[in-house]
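One structure below.
The values are calculated or read from the model by the stated rules, or taken from the named source; none is laboratory data. Worth saying up front: this structure is predicted, and the values here are computed from it rather than measured. Glycine also receives a Cβ, built like all others from the backbone with ideal geometry; neighbour counts cover every protein chain displayed. These area figures cover heavy atoms from the full protein model, side chains too; ligands, DNA and RNA do not enter into them. Shrake-Rupley method; radii C 1.70, N 1.55, O 1.52, S 1.80 Å.
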Amino acid sequence: MLEAVRDLQSQMESQGYITDQAIATTVYLAMALHKPVLIEGQAGVGKTEVAKVLSAMLETDLIRLQCYEGLDANTALYEWNYPKQMLRIKMEEGHHARSVEDTEHAIFSDAFLLKRPLLLEGEAGVGKTEVAKALASVRGTRLIRLQCYEGLDAHTALYEWNYQRQLLAIKLLEQDARSVAEKEQDIFSERYLLKRPLLEAISCEVPPVLLIDEVDRADEAFEAYLLELLSDFQLSIPELGTVRATTRPLVVITSNGTRELSDALRRPASTSTWTTRITTWSWPSCV
């Protein structure tokens with residue numbers, strides 16, 4: 001067993017994660033007994049990296065659930081893609097060969113199931129946003145801005161389907177001889193995708209400056225998702241698959257201090273976290 005633990009420790013180190021024998025033993029036993037492993041500690045000390053390293057070692061996908069206050073089982077398990085179901089029903093209207101039961105079975109199939117930086121804090125108007133603008137100008141790159149507000153959710157900040165354009169396409173495809181499935185694949189292609197700031201930022205070939213402005217106006221659930229996205233720089237679009245960043249944007253996050261941000265977001269820069277924090281903004285008074 002000791003030899004197996006040492007071998008696991010060497011494998012983890014080969015993935016860039018330096019660990020001691022105690023952690024390697026815990027991970028080995030969890031894998032051997034097919035039991036979950038619980039890792040506790042302060043934010044930013046490298047707990048998430050253990051899962052990433054194991055995923056790389058085993059050459060398998062890493063599926064991450066970012067928890068937050070108010071998370072329920074339904075959100076963590078699945079959700080039906082209601083807009084996509086409505087589009088399928090619309091497309092089926094001209095196909096009378098299928099019964100209502102067949103259509104219902106189709107729209108409740110797996111195809112419609114949604115499987116589930118620099119931090120500047122200070123009062124409004126002191127010049128936090130100007131830092132991002134200046135960085136974009138200095139780097140000669142785009143500035144992509146996400147203005148946060150109460151009620152902002154991940155879907156709104158990432159992407160949405162151009163529903164009106166899809167309906168027009170369905171109308172134009174009525175005489176098309178292709179099957180409904182082929183037509184559906186066509187209308188859920190990238191040309192009907194409306195990229196919102198977060199998806200736009202990780203899709204650029206030239207690294208942009210991503211400004212996430214006034215993050216304190218958004219709620220804790222969005223902040224939790226933001227931490228996940230900015231950790232992995234990838235997201236999943238059910239109809240298109242996983243989108244991974246071609247380049248990593250330079251991220252600037254601002255806060256007016258209207259609420260306390262999470263410890264993970266506020267933690268000062270270190271080797272195990274991506275956030276650099278600057279606070280106490282004030283301009284020198286003119287004499």
- Packing-based order for 202-214, 39-51, 59-71, using average beta carbon neighbours within 10 Å, highest first: 202-214, 39-51, 59-71
- Task: Would you mind checking which residues have amide H under 5 Å from V243's amide H? H placed 1.01 Å from N; only 5 or more apart, or other chain.
- Result: L235, S236, I237
- Query: For the pair L172 and K133, what calculated FRET efficiency results from E = 1/(1 + (r/R0)^6), where r is the Cβ-Cβ distance and R0 = 51 Å, to the nearest 0.05?
  - Reply: 0.75
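Which of the pairs K128/K195; K171/K195; K84/K133; K52/K195; K35/K84 have their Cα atoms more than 32 Å apart in this structure?
Table pairs above 32 Å Cα-Cα are K84/K133; K35/K84.
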- Task: Pop a pseudo-label 7 angstrom from the Cα along the beta-carbon direction at both Q147 and D263 and give the gap in nm to one decimal.
- Result: 3.5 nm
- Task: Put one equal scatterer on each alpha carbon of region 133-231, apply the Debye formula with no solvent term, and list log10 I(q)/I(0) at q = 0.10 1/Å to two decimals.
- Result: -0.40
- Task: Would you please state which residues of region 215-244 a label at A56 would reach in this model, taking the label point 7 Å out along Cα→Cβ and a backbone N cut-off of under 20 Å?
- Result: 228-235, 243-244
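Which trypsin sites (Lys or Arg not before Pro) does region 122-204 hold that lie in a coil by DSSP with at most 13 other beta carbons within 10 Å?
Values: sites: K128, K133, R139, R142, R145, R165, K171, R178, K183, R191, K195; in loops: R142, R178.
Passing sites in region 122-204 are R178.
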- Message: Given points 7 Å out from each Cα along the Cα-Cβ axis, report the Q15 to M86 separation in nanometres with one decimal.
- Response: 4.2 nm
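Give the accessible surface of region 209-258 per residue, rounded to a whole number of Å², with probe radius 1.4 Å and ligands, DNA and RNA excluded. Can you show the working numbers first?
Working: 1780 Å² over 50 residues.
Counting only protein heavy atoms, the per-residue value for region 209-258 is 36 Å².
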- Rounded to one decimal in nm, the spacing of the 7 Å Cα→Cβ label points at A4 and T247 is 4.7 nm
